[in-house]
Structures are given as C-alpha cells and as structure tokens.
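K.L.:
Below is one structure. I have some questions about it.
Read-outs: derived from the displayed coordinates by stated rules, not from any lab. The shown structure was predicted, so the numbers you read here are calculated from the model rather than taken from an experiment. Neighbour counts run over all protein chains shown; Cβ positions are idealised from the backbone, glycine included.
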Amino acid sequence: MQIYNTLTRTKEEFIPKEPGRVNMYVCGPTTYNFIHLGNARPLVFFDTVRRYFIYKGYQVNYVQNFTDVDDKIIKRAQEEKMDPLELAQKYIREFFVDADALNVMRAETHPKVSEHIQEIIALIKKLEANGNAYAVDGDIYFEVRSFPGYGKLSGRSLEDMQAGARVEVDPRKKDPMDFALWKAAKPGEPSWPSPWGKGRPGWHIECSAMAEKYLGAGFDIHGGGFDLIFPHHENEIAQSEAACQQPFARYWMHNGFITVNQEKMSKSLGNFFLVREILAKFPPDVVRWYLLSTHYRSPLDFDDEKLVMAGKGLDRIKTAIRLLYEALARPIQPGTDAVQRDTLLADRLALLRLEFEKAMDDDCNTALAVSIYFELAKEVNIFVGKLGPELSQANKEALEQAHLLMKDFNRVLGILKEDQRTGQLILGEAGQDDQLAEGLVQLIIKIRQEARAKKDWSTADTIRDGLKELGIILEDTPQGVRWKKQG
RNA sequence: GGCGGCAUAGCCAAGUGGUAAGGCAGAGGACUGCAAAUCCUCCAUUCCCCAGUUCAAAUCUGGGUGCCGCCUCCA
C-alpha cells in the first residue's frame with residue numbers, strides 16, 4: 001500500500017513498524033463548539049483509512065484526542081458563564097452525536113488534555129533537561145533554534161518564516177518562532193500545579209505527550225488537516241524528537257480543505273456550516289458519500305447542489321442493493337443445475353474487488369473506489385435483470401457473492417449500516433420502520449392493483465401521483481409493485 | 001516577501017509517459033397501459049495558454065495566465 005507522506009512529499013510504500021499492526025493518531029477538535037463540515041472531512045476520511053486497514057486484516061490502534069484546555073474554550077466559557085472544562089465536556093458529547101451519525105467508528109482511545117497533565121509536565125521537564133526549553137515569567141517556551149530539524153515537515157526554514165512574518169514578536173522570546181509549552185495561570189482560568197508554578201499546557205504539547213503515551217515514539221501514521229502542518233505538527237515533531245531523540249511519526253497524512261465558493265471554510269471567515277445544520281437537510285450517508293467522492297488531498301467545494309448530486313449517485317447504489325435483495329428473496333427452482341456455474345458474474349466480481357483494493361492501496365483513493373462501487377451496482381443490475389421468477393442454485397450463489405462484495409465495499413467506505421440479525425445492509429427509511437404505514441401502503445397498492453386489472457388507469461394514476469406527493473414512490477415491475485420512500 | 005497546491009465535458013470528478021474512468025444532467029432506443037426503476041447507444045480527436053523533450057504528453061521540462069492555501073487560532 002502506498003501512502004503520500006507529507007514529510008517526504010512523495011508516495012511511499014507503507015510498512016508498519018510492527019507487522020500486522022497499525023498505530024495511528026489523528027488530531028481531534030478543540031471542543032468549544034459543534035463541529036463543522038471542515039472538521040468532518042478528516043473525521044470521515046481517516047475513519048475510512050482505518051476501516052481499510054481493518055479490511056486488510058491489520059490490527060489498528062486508533063487514537064483521536066480532544067483539546068479540552070485552550071484559550072478559545074476559556075473565552076467561550078467566560079461568555080457563557082460556564083466552567084471551561086464543563087463546556088468542553090458538553091461539546092465532546094455533541095461531537096459524538098455528529099460522529100456517530102456519520103458512522104465514524106469510536107477510536108480505541110479518545111484522550112483529553114485535562115486528563116494528561118502529568119504526562120505533559122514530564123515531557124516538558126525532559127525538554128528542559130535536554131536544553132530545549134527556557135522559562136520566562138512562569139511561561140515555558142520551546143527554543144526552536146535548539147532543534148536542527150525545525151521546518152522539515154512544512155518545508156521551510158526559520159529564515160523563510162521570518163522574512164515575511166506577520167507575527168507580533170514577543171521580545172521575551174529568544175526567537176519569534178519559539179512557542180509556549182506551559183502557560184502561567186491567570187485568574188479565573190483552569191490551572192494545574194507544576195514545577196514552574198500553577199499553569200496550563202500550551203497548544204502543541206498535548207499531542208506529543210498523548211501520542212507517545214498511547215502509541216509510543218515512532219508510531220505509524222499521524223493525520224490531520226493541511227492547516228495543521230504548520231505550526232501544530234511542525235511543533236509536535238520538534239518537541240517529541242527533541243525529547244525522545246528518535247523520529248516521532250513515520251507517515252504524515254493531511255487532508256485538503258472544504259471550500260465554500262472556492263474559499264476555505266473556516267471559523268475566522270465565518271463561512272462554515274455545522275454538521276448538524278447539514279444533517280437537518282441531508283441524510284448522513286449522503287454526506288459521507290459526498291465527502292469520499294473526492295480525493296482527500298484535493299479541495300472539496302460545498303454547496304447544497306453538490307449534496308443533491310451525491311444523493312442521486314448514492315440512490316443508484318441503493319437501488320442496486322434493493323434489487324439484489326429482491327432477487328435473493330425469489331424462490332429456488334427445484335432440480336439440480338450445479339453444473340451451470342455462473343462464472344461470468346463471479347469473474348467480474350473478482351476483478352472489481354481487485355480494482356477496489358488497487359484504488360485504496362494507492363494512497364486511499366476513495367474517489368476511484370467509489371467509481372468502482374458504481375460499476376458493481378451496474379453489474380448487479382444487469383445480472384438481476386436477466387433472472388427469471390425462480391432462481392437456480394447457481395444464480396443464488398452468484399447473488400450471494402455479489403452481496404458479500406457490496407458489504408465489503410460498504411464496510412470500508414462506511415456508508416450504510418448493517419442489520420446485525422440479518423446481515424443485510426440497511427437502506428434507510430425504506431418503509432420497514434413504521435408498521436402502520438407499511439400496512440396502509442400495502443392496502444392502497446392492493447386497491448390500485450385492482451383498478452389496474454380493470455384498466456382503470458385514471459384511478460391507478462391518481463393513487464400513484466397522490467402517494468408521490470406524500471413522498472412514496474411506486475414502481476410497477478413484472479414481479480409486482482415495489483415502493484420506497486423518497487430519498 | 002517566503003513556501004506550497006490546483007486548472008480535465010453543462011456540472012462533479014479519477015487518471016503522473018502509451019493514445020481520456022465513474023457519477024449527475026441531457027439525447028435516442030428497449031421495457032411499461034403510462035410512468036418509475038433498470039438495460040443498451042450517444043454525449044471531451046481532447047485535458048488553461050505558449051514553447052520544448054520524446055516514436056509517444058492531460059501526464060515530463062521551461063515560460064505565461066487564472067484560482068486557492070500556509071507563513072496568526074483554524075480540520
């Protein structure tokens with residue numbers, strides 16, 4: 001498998017540190033608000049990376065942190081007259097509401113800054129001992145000049161950065177790029193005792209401390225958005241490598257931005273859309289499908305029309321699954337035809353599986369993988385279209401194989417949930433939720449069928465049009481009437 | 001000022017040297033009482049522009065144009 005490594009700016013063969021295991025750390029949000037679509041992209045993408053590793057048989061240890069101690073949280077808490085840690089906790093709960101909706105698997109560990117103060121202090125002490133940190137009025141800074149590799153991730157030198165720096169230079173710092181490891185407490189802020197007095201951690205140190213604790217130095221994959229490359233990840237590398245004297249993470253993966261009118265969706269521009277605003281208008285599987293339809297390193301522009309388009313595409317997949325289940329439910333023809341193997345479909349399925357894996361092996365190209373899912377849907381549609389009212393044993397086996405492949409693709413992309421009992425993919429609100437509605441629709445369909453039998457087309461059409469108004473679509477097929485709720 | 005990315009049909013979007021995937025929309029056909037769904041066919045002689053390398057370039061090199069990002073909190 002090839003992974004594009006930001007550190008080397010090339011695709012590299014992925015070789016885990018320990019065979020069969022993948023350790024990955026993905027930066028999670030600072031929890032002072034609901035998450036927006038820009039936060040959802042890395043969430044969904046790295047969840048998909050993880051799922052693909054699981055598909056390939058790796059044991060994955062996935063860590064995603066919450067930054068629950070931070071300036072913005074403190075500010076927001078003061079505005080809302082809340083305790084900062086309580087506020088952070090609230091938005092952590094809300095984070096999971098959105099993440100669950102998007103079918104994002106829980107990480108093995110979701111560490112919080114507030115619960116790792118001791119590890120953070122220990123790491124800062126180590127940096128002090130190694131001569132990489134210095135104190136100024138109760139604050140502790142990391143001295144970037146003391147770490148020779150500074151700038152290697154973002155591809156710039158300290159000189160480059162100073163040339164046009166727009167930073168306000170704090171004269172107490174030895175170098176403008178030096179950054180805080182520990183901040184002295186101010187009144188009313190959460191703080192913890194430390195060798196340097198009461199205070200709280202700086203922004204970058206937590207990821208260094210928690211990643212090392214749960215994954216060990218030199219772990220496999222570190223992920224996040226492009227905007228974290230500098231300064232956040234650059235600083236993590238500096239801290240961790242200065243402290244541990246060995247490489248921090250081996251592969252760095254960064255996702256591109258969500259844009260609105262081609263501009264970055266960001267909190268400072270105010271052009272962001274909350275995940276739950278979007279989920280009020282579009283089903284979560286559509287949102288996930290949309291996010292995975294573009295390569296993760298490319299920008300992805302957002303507007304409602306694009307989600308409508310994604311929804312129509314996903315409907316195509318769902319229709320194929322629906323047709324597959326309908327076919328699978330047909331009676332089996334008596335008699336033996338074990339000789340009549342359906343190798344044609346089986347061969348196509350094997351090829352599609354290979355193509356899907358090839359796409360995902362190439363730096364997790366989900367956009368290509370999605371297109372192969374479409375081809376699978378078409379293959380199923382063609383096959384089902386040729387079936388008679390009764391299935392041969394060979395037909396049934398072929399359909400079951402197709403079902404397996406559908407489920408495997410789906411498990412990797414994480415689009416539809418599976419019914420634990422039947423093992424079938426759940427297609428959404430397709431009618432099995434409400435018994436009364438189910439009964440009523442069946443009754444109406446029966447009446448309409450009687451009208452149709454009498455060639456009373458006007459009644460039949462009135463019923464069909466009327467149901468459509470209510471969001472129920474009827475489709476007449478040679479096998480009978482099929483209905484679904486409008487997606 | 002420094003560093004980096006992107007430009008492919010009406011729209012979305014893969015493709016990094018071998019002759020343009022896939023989806024949406026659209027056109028025609030099959031099926032249907034009519035629809036819907038599905039299937040079949042069509043829909044970029046061409047990949048922002050110019051020059052170069054090559055037997056061969058959307059893909060490599062140089063130049064240009066346009067858009068975007070990072071260098072400050074941001075996924």
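K.L.:
Along the charge dipole of chain A, Cβ charges K/R +1 and D/E -1, which of A:Val63, A:Ala238, A:Ala394 sits furthest on the positive end?
P.N.:
A:Ala394
K.L.:
How much mean residue ellipticity at 222 nm does chain A get from its helices, if each DSSP H run of length 4 or more adds -39500 (n - 2.57) and you divide by all residues, to the nearest 500 deg cm²/dmol?
P.N.:
-15000 deg cm²/dmol
K.L.:
Measure nothing but the geometry: give the 0 to 90° angle between the long axis through the Cα atoms of A:84-101 and the longest principal axis through the Cα atoms of chain A, rounded to 10°.
P.N.:
The answer is roughly 30 degrees.
K.L.:
Quick check on the exposure proxy: order A:Thr366, A:Thr67, A:Thr109 from fewest to most C-beta atoms within 10 angstrom.
P.N.:
So the residues, fewest neighbours to most, are A:Thr109, A:Thr67, A:Thr366.
K.L.:
A further question on this structure: Taking all pairs of distinct Cα atoms, average 1/r, flip it, and tell me the Kirkwood hydrodynamic radius of chain A in Å to one decimal place.
P.N.:
25.6
K.L.:
Quote the relative contact order of chain A in percent (integer), defining contacts as alpha-carbon pairs under 8 Å separated by 6+ residues.
P.N.:
Relative contact order comes out at 15 percent.
K.L.:
Moving on to the next point. Under unit Cβ charges (Lys, Arg +1; Asp, Glu -1), what dipole magnitude, rounded to 20 debye, does chain A have relative to its Cα centre?
P.N.:
The calculated dipole for chain A is roughly 460 debye.
K.L.:
Tell me the angle of helix A:393-413 to the major Cα principal axis of chain A, expressed in degrees between 0 and 90 and rounded to the nearest ten.
P.N.:
Between the helix axis and the principal axis of chain A, the angle is about 20 degrees.
K.L.:
Something else about it: Quick one: give the max-minus-min coordinate of the C-alpha atoms of region A:304-413 along each principal axis, largest first, in Å.
P.N.:
50, 30, 19
K.L.:
Mind putting a number on the dipole of region A:2-255 about its Cα centre? Charges go on the C-beta only, +1 for Lys and Arg and -1 for Asp and Glu, and I need it in Debye to the nearest 20.
P.N.:
Roughly 320 debye, rounded to the nearest 20.
K.L.:
Listed here are the pairs A:Lys454/A:Lys484; A:Lys378/A:Lys454; A:Lys11/A:Lys56; A:Lys396/A:Lys454; A:Lys11/A:Lys183; A:Lys56/A:Lys312; which of them are more than 27 Å apart at the Cα?
P.N.:
Cα-Cα > 27 Å for A:Lys378/A:Lys454; A:Lys396/A:Lys454; A:Lys11/A:Lys183; A:Lys56/A:Lys312; rest within.
K.L.:
Let me ask you something else. On a 0 to 90° scale, report how tilted helix A:304-328 is relative to the longest principal axis of chain A, with both axes built from alpha carbons and the result rounded to the nearest 10.
P.N.:
50
K.L.:
Now for a separate question. For region A:435-485, what is the charge dipole size about the Cα centre, in debye to the nearest 20, if Lys and Arg each add +1 at the Cβ and Asp and Glu each add -1 at the Cβ?
P.N.:
For this selection, approximately 100 debye.
K.L.:
Would you please state the base-10 log of I(q)/I(0) at q = 0.08, 0.09 1/Å for region A:2-255, with intensities from the Debye formula using one equal scatterer on every alpha carbon?
P.N.:
-0.31, -0.40
K.L.:
While we're on this one: Based only on other Cβ atoms within 10 Å, what is the fewest-to-most ordering of A:Met406, A:Met24?
P.N.:
The most exposed by this proxy come first: A:Met406, A:Met24.
K.L.:
Out of the DSSP beta bridges found with both residues in chain A, what percent are antiparallel (nearest 5)?
P.N.:
Of all bridge pairs located within chain A, approximately 55 percent are antiparallel.
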